[in-house]
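These notes concern the structure reproduced below.
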Amino acid sequence: MLGFVPPLPQQPGRPPSSGHMIVCGDDALARRLAVELRFIYGERVTLLLPPGRDANNPETPLTQRGRAAALFGRMSAAMNRAGNGSGATGGNGSTGGSGDTNAGVEAVRIMEAPEPSDDVLEEAGIDRAAALALVYDDDERNIRAALTARRLNPRLRLVIRLYNRKLGQHLEALLDQAAAVAMPGIDPALLDASTTVLSDADTAAPALAATALTGSSKIIQAEGLLLRAVERPPPRPGEHADPGLCTLALLSSTTNDPAGAEGSDSSGDEAPQLLPDERAVADATGRGTVVLEAISRADPARPATRMGGRGAPLAQIFSRRLRWSALGFALAAVALVIASLLTTEDTALHSAYLTVLDLLGMNDPAEGASPARQIIQILSGIAGLLLLPLLIAAVLEAFGTLRTASSLRRPPRGLGGHVVLLGLGKIGTRVLVRLRELDIPVVVVEEDPEARGIPLARSLHVPTVIGDVTQEGVLEAAKIYRARALLALTSIDTTNLEAALYARSVKPDLRVALRLYDDEFATAVYRTLRTAHPGALTRSRSVSHLAAPSFAVAMMGRQILGAVPVERKVMLFAALEVAGHPQLEGHTVEQAFRAGAWRVLAIDATPPADRNPDLAALPPFDPEGDATPPPSGLVWDLHPGYVLRAQDRVVIAATRRGLAELLRRQRSAVPGR
């Protein structure tokens, strides 16, 4: 039942690991997380996978273990190339220039078991482990395993993947209480990090929604802060780009090449550069940038709005054709009243009264009246005949609409400028919530009428098309030819690709964002779509690639504010205590900046005893252009000469390797860690 691959021996120059880490899961997130912990943080990892074929791809001959080994091998080869290119190993978990392309497979102990039972966890070394990640796609299995792990090792740091956020809050409190009982007098900071509940859907949804909106906005909203970054094209000759608050990244040199590919960690010199220094920005002619445009308070989260408000509004009860018919009849009635006024000596009120009686067929014949009055009465009778079917149609439409008010809406006629969202699984549902919070019109396409997000779409009155997106006519029903963007978020790569290709054939300039797992496949798709449609925006995103850094940092005992994609790289934003970080403490803001690793964006100088965990609750502080320490408050207009103190808390932007180095240095600098 269990398979074992021996771990790598300790690499020279690498700080010793404080304890191995265990990752339990059944999908791509588990494999990505193991890669993150091993190759970025340099931790010893045991990966527990279910035996047999991949549940998401039963036709694939690779087992879960085979897919993990292939991923480790590719990552090891990429790290070896990076090590050979730089000529140094660094502290980043790479194997340096050993040239052993199979080192990635040997770096992780792979076990296979159907369930993380007591015996399996004990064989995995749960009693000696520093952290355990439970990232199964089943909430119940994760909860059951978390309770078992806390009983077997009360000191274990737990990171749990749960889709149900309310249940996650209760579970986190319960497991923290169990740890406090087992370890009386534990440091509150350590207790706070002992259990972390995360959702990969919540982590990836903001980035996917932002891609659909503008294709260039990158927004991080967490702990009361709103950090907004934008992509800016390369400046024209003679122009100087606005650096904003700071330049977070240089886009790859192939960004403006229609045949170019999105840059990733293995793109070499063409890859995007995260956190470049001023000289690198000045020398990078012809390359776009990602600029931190603003840091501000985030508005309180507001519930998603309905597309039609409460109940069944008039626009939903009556069709457009019926409303136009009613308007035409009303105009005809007004014209009859005006004609009566002009041809008779009646008052306006009496003329309107007689006209209404004529329309309803309730008046006596106008015998002996003037010819004009007789003609108006005849015309009113004809108009009255048209009123009866109009009233019947209105009653039938209202009855049918009210009866189906709780059912799914169809895309209304004339809809345009909307986002077509494919798939209402975990990811699609969270993205739908995010788009509705921003009041963006959405049309959903889902094959399964019992999908997870269908009740939400019904409650929000979001137009929904039930059908297979690969079948003819389904995307047309979603008004794809009038849409502003397509978000293909189903769990099947080929389905997302087929939908994107067909949508582009209907509307070549459509903005497209694809959910793709395999990096090589995503690169090929991106290059082909950019070549065929150079004027349209194309993005490929991997949910596991976006979510894995958050889970990895949580396993290290920290919480990141968020992650944003920069092409196929990921940049992290985190809040850290300066104390214990020798690279930060006692250095100025300018000295603390490490190009390609981390950068201080904001400072919370509130005394630790008065500190509020919510960064938005802090009063703003005006540094007045000097380097004196602020008494309290949150500062994001930083003076480069300000000296970071041990009691400060900072908000940083960091690469995955940069954040890993900060955490490793802190752990080695503080006794007992």
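The values are calculated or read from the model by the stated rules, or taken from the named source; none is laboratory data. Keep in mind it's a predicted model, so treat the numbers as computed, not measured. Cβ atoms come from the backbone with ideal geometry, glycine included; neighbour counts cover every protein chain shown. The protein model used for the area step is the full one, side chains on, heavy atoms only, and it has no ligands, DNA or RNA in it. Shrake-Rupley method; radii C 1.70, N 1.55, O 1.52, S 1.80 Å.
Numerical summary
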read-out	value
Cβ-Cβ under 7 Å pairs, at least 6 apart or on other chains, segment 434-453 side at positive phi and part of a loop (DSSP other than H, G, I, E, B), far side surrounded by fewer than 17 Cβ atoms within 10 Å (Cβ to Cβ) and of a type outside the set (A, V, I, L, M)	Asp439/Thr305
Residue within segment 470-486 that is open to solvent by 10 Å² or more (accessible area, probe 1.4 Å), under 29 Å from Leu29 (Cβ atoms) and outside any helix (DSSP H, G or I) present	yes
Breaking point among (1) part of a helix (DSSP H, G or I); (2) at pLDDT below 75; (3) not hydrophobic (A, V, I, L, M, F, W, C), for Gly535	(1)
Checklist (1) in contact with a Ser or Thr (Cβ under 7 Å, 6 or more places away or on another chain); (2) of a type in the set (Asp, Glu); (3) crowded, with 16+ Cβ neighbours inside 10 Å applied to Asp493, failing item	(1)
Test set (1) basic (Lys, Arg); (2) touching a strand residue (DSSP E or B) at 6+ places or on another chain (Cβ under 6 Å); (3) at pLDDT 85 or above - Arg436 fails condition number	(2)
Any hit, segment 406-422, residues being of a type in the set (Ser, Thr, Tyr), assigned to a loop (DSSP other than H, G, I, E, B) and modelled with pLDDT under 65	yes
Residue within segment 576-594 that is at pLDDT below 75 and either touching a helix residue (DSSP H, G or I) at 6+ places or on another chain (Cβ under 9 Å) or closer than 30 Å to Arg484 by Cβ (or both) present	no
Elements of type strands (runs of 3 or more DSSP E) in segment 146-227, at least 1 residues being open to solvent by 20 Å² or more (accessible area, probe 1.4 Å) and at pLDDT 70 or above	157-161, 195-198
Filtered residues of segment 1-56 (kept if in contact with a Gly (Cβ under 7 Å, 6 or more places away or on another chain), modelled with pLDDT of 50 or more and surrounded by fewer than 19 Cβ atoms within 10 Å (Cβ to Cβ))	His20
Selection count, segment 496-553, where residues are of a type in the set (D, E, K, R) and within 28 Å of Leu659 (Cα to Cα)	6
Answer from Ala483, Ala477 - the residue that is in contact with a His (Cβ under 7 Å, 6 or more places away or on another chain) and closer than 14 Å to His418 by Cα	Ala483
Segment 502-532, subset within 20 Å of the chain's Cα centre (by Cα), among the charged types (D, E, K, R) and surrounded by fewer than 23 Cβ atoms within 10 Å (Cβ to Cβ), residue modelled with the highest pLDDT	Arg511
Only one of Ala282, Ala249 that is out of contact with any strand residue (DSSP E or B) (no Cβ under 8 Å at 6 or more places or on another chain) and at pLDDT 75 or above	Ala282
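Okay, residues lined up against (1) modelled with pLDDT of 75 or more; (2) farther than 30 Å from Arg599 by Cβ; (3) surrounded by fewer than 14 Cβ atoms within 10 Å (Cβ to Cβ); (4) of a type in the set (D, E, K, R):
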| position | (1), (2), (3), (4) |
| --- | --- |
| Pro276 | yes, no, no, no |
| Val291 | yes, no, no, no |
| Ala298 | no, no, no, no |
| Gly308 | no, yes, no, no |
| Thr343 | yes, yes, no, no |
| Arg373 | no, yes, no, yes |
